1. Cross-link candidates for A:K75: which aspartates and glutamates have Cα within less than 17 Å, leaving aside residues fewer than 8 places away along the same chain?
2. Given contacts defined as C-alpha pairs under 8 Å and at least six residues apart, what's the relative contact order of chain A, whole-number percent?
3. With angles folded into 0 to 90 degrees, how steeply does helix A:20-31 sit against the dominant principal axis of chain A? Use alpha carbons for both and round to 10.
4. With axes computed from alpha carbons, what is the tilt in degrees of helix A:328-346 against the longest principal axis of chain A, rounded to the nearest 10 within 0 to 90?
5. So for the pair A:V198, A:I260, with labels modelled 7 Å out along Cα→Cβ, what separation do we get in nm?
6. Mind checking which of A:F128, A:Y104, A:I220 is farthest towards the positive end of the protein assembly as shown's charge dipole, using Cβ charges of +1 (Lys, Arg) and -1 (Asp, Glu) about the Cα centre?
7. Can you give the calculated 222 nm mean residue ellipticity of the protein assembly as shown, where each DSSP H run of n ≥ 4 adds -39,500 (n - 2.57) and the sum is split over every residue, rounded to the nearest 500 deg cm²/dmol?
8. Quick check on the exposure proxy: order A:I220, B:I80, A:I230, A:I122 from fewest to most C-beta atoms within 10 angstrom.
Amino acid sequence: MRLWIVQMNEFDLIIIGGGPAGITAATEAVHLGASVALVDENRHVGGNVFHHRSRGPITGPSDKIETRIGAQIQKDFDQVKDRISVYLNTEVWNFIDKKTISLYAKKNHGIEEKQITGKKLIIAEGAFERVVPFPGWTLPGVFSIGGLNALIKGGVVPGKRFLVAGSGPLQLVVAHHLINAGAKIEAIADAASLTETVATAFRSLTSIGAQRLRSGFDYIQNIRKQKIPIYRARVITKASGINEVEKATIVRVDRSWRPIKETEKVLPVDAIAYGFGLIPSTTLTRLCGCRHTYDAHLGYWRVEHNNQMETSIAGVFVAGDGRTIKGYAAAIEEGRVAATEAAVQLGHISRNEVEHSLAPARKKLKRFRRFGRIIDALSATRPGVLEILSDDTIVCRCEEVTLGKIASAVADGAIDVNDVKRRTRLGMGHCQGRICGQLINELIWKFTGDNRARALFTPRIPAKPVPFEALTG
Amino acid sequence: MDSGEKFEIKIDDIRIAARKGQTIAESLLASGLRVFRRTKQNAPRGVYCGIGICFECRMIVNGIPNVRTCMTPAEPGCEISTQYDAAMDCTNE
């Protein structure tokens, strides 16, 4: 493998993440006169919401508006793209200092390693699925709901008989797409009860308006038309099969999502879509050193920031679902706010000028955030659900660490996540704890009976696995 | 649906059809193949998160191990092998 080291480049503004927040921020910053670098690990901009364009059967009631907005921000970005240094297929793996980052990209003849530095930085790293391990969840055929949604959008239906399980509105969207793609859905198992779902719908009314709420009902109606059973207050407790999923067990749960004995139902399915909403990715904000807080209401760690989207580190901003989960419409507005504030700090525009122009964005954001919190509360896991794990259930998929091994580590004196990590290798594999790290605090509390010890895995470089050549360059 | 140009790729000596614009993972799943890797304990693994977070879908692509197939486009003539972690010198760099 050949290695190229490209000289260091300096920009007014570096934006990490080319999703809705990132490309809107880039467009805005260029218009305000800043020199901009945009980095994304994918081969395209648009993020996970927009990148699949119209390849798959995307026909849901909310997809039309999504496609229109996606096309619009893409068009705005394309118009100024020539003035942006766009690094695609490129991983950010290290922070040399708060605003100098190490990148590497795989090229045809080897890897390319680079350092770029910015006077300001916007981190828009997006979100991923919230998961709860269950027996059999590592079997091929179990997909995260978001992952399955991406596959269907790409025109691929990886199974014949589906179970859609977990919580949150994405269940309905995925079910809708599966129906349109001609797949058979055996059942939808929603952890929330009907009462909770209806209450959430009413609470959303004021923040998203009747039109978008109706699109939710349209989804349900379409599912009803197919006579697909929707089981409420149910969680999946088991997937089984030899090399792939052959069946799944669901069980009724109480208000804290604790499984109720002797209510099991076995379903003949070969594919499972599973997830509990989304949580913000904080890999890079943590590596950069921004301050984070645990939001007990939402059930995840989030980065702290002010009204200007600036984090605890001056000149480092966040935007989009990497901050809290609110969806693309809010991400776009946050990208706009962050880029504008960066431009103010860089001296490209005066503060007086922007306060007026940002007023509509701030107003919209307020509404979107309220909606985000309501949806988050519906999706967030409740403590009882942890009882679906048994001793031999794998928690860390990468290092194949079971719940039993975590229990032994705690019995041996481990007191927090980093302690368990050192003793069991949990979180040391390829995904670097992104999956198992989500619920590890809660699992440890189960054994210690003490919920004061709350920690995050200490962020380590490389942020994503990099070839050895990149490190030795 | 996409009508991208079709070509062949090889997976463990089997030839399957792929389409321009598809990732390797999408091509394999579209052909009904779901087991991508075997862990050190020989457990089967396949696509899980689909967005490059979980690293479960990694395979050997054109001789390079640990390639996330959900992030890597299928290209004409590319050769893919099921990855057996136990057989590798070092699966955790």
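1. Once the sequence-local aspartates and glutamates are set aside, what remains near A:K75 is A:E28, A:E66, A:E333.
2. The normalised contact order for chain A reaches 19 percent.
3. Tilt of helix A:20-31: around 10 degrees.
4. 30
5. Between A:V198 and A:I260, the label points sit 1.7 nm apart.
6. Checked the options; the winner is A:I220.
7. -10000 deg cm²/dmol
8. Exposure proxy ranking, most exposed first: A:I220, A:I230, B:I80, A:I122.
Read the figures in this text as sums done on the coordinates, not as results from a lab. Since the model is a prediction, treat every value here as computed from it, not as a measurement. For neighbour counting, all protein chains shown are included, and Cβ atoms are generated from backbone atoms with ideal geometry for every residue, glycine included.
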